Amino acid sequence: LIGVGTIHQLHAWLTTGLAVVATPSLWWGNFSLSTLFLRPFLDGCLAFMREHRYEPRYSEWTVFHPLIGYAGTLDAIGDLDGAATLIDFKTCASEVKAVVYPEHRLQLAAYARARVGLSADGTEAGVPRVKNLVVLHLWPGGYDLTTWRPNVADFAAFRHALAVLARAALYIGP
């Protein structure tokens, strides 16, 4: 629905406690075209922050598993309502469009099982265990959380998809 840069701005709001959007002069002082598209999503962000306690730990963090051979950049790990949680932020046009697809579950399963995270300066750290995996959908005026526990079945499906991709690469080439 909206571009990656816009998603990052929404994510920044959530991970900084919405300090910028709480002050209208700051909001309009940083006006840009992406800000125009973000404005409808502000109410959803604010509702989420009012109804939940969220303390970010890691944001836009590159993680990898050195033995299995995959990497990716997760949106956030933080404490959501007192539980260590891995969060994937999604935007959509309306509540009806807030769907968690099977590939979302596989993606978050992989992030949750990653072993190493890389900071911006290249420092490596262990990826903390999380209790919950969450897709946070935001739409103009609202939000929805879909929560589940990390589980063996989702990670096994991810591993299978990774194996199929590796096998296909043998026939297709780089």
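No value in this document is a laboratory result; all are computed from the given coordinates. In this text the structure is predicted, and so the values were computed from the model without any measurement. Methodologically, a virtual Cβ is constructed for each residue, glycine included, from the backbone with ideal geometry; neighbour enumeration extends over all protein chains shown.
Laid out as a table, the results:
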| read-out | value |
| --- | --- |
| Region 77-165: C-alpha pair distances exceeding 23 Å, % | 32 |
| In sequence order, calculated HN-Hα J values of region 137-151 (Karplus, 6.51, -1.76, 1.60; Hz; x Gly/Pro) | 8, 10, 9, x, x, x, 7, 8, 9, 10, 10, 8, 8, x, 8 |
| Per-q log10 I(q)/I(0), region 115-164, q = 0.22, 0.26, 0.29 Å⁻¹ (Debye; single scatterer per alpha-carbon; no solvent) | -0.96, -0.96, -0.99 |
| Descending semi-axes in Å of region 50-102, equivalent ellipsoid built from Cα gyration tensor | 23, 18, 9 |
| Inter-probe distance in nm under a simple model that places probes 7 Å from Cα toward Cβ, at Thr62 and Leu170 | 2.9 |
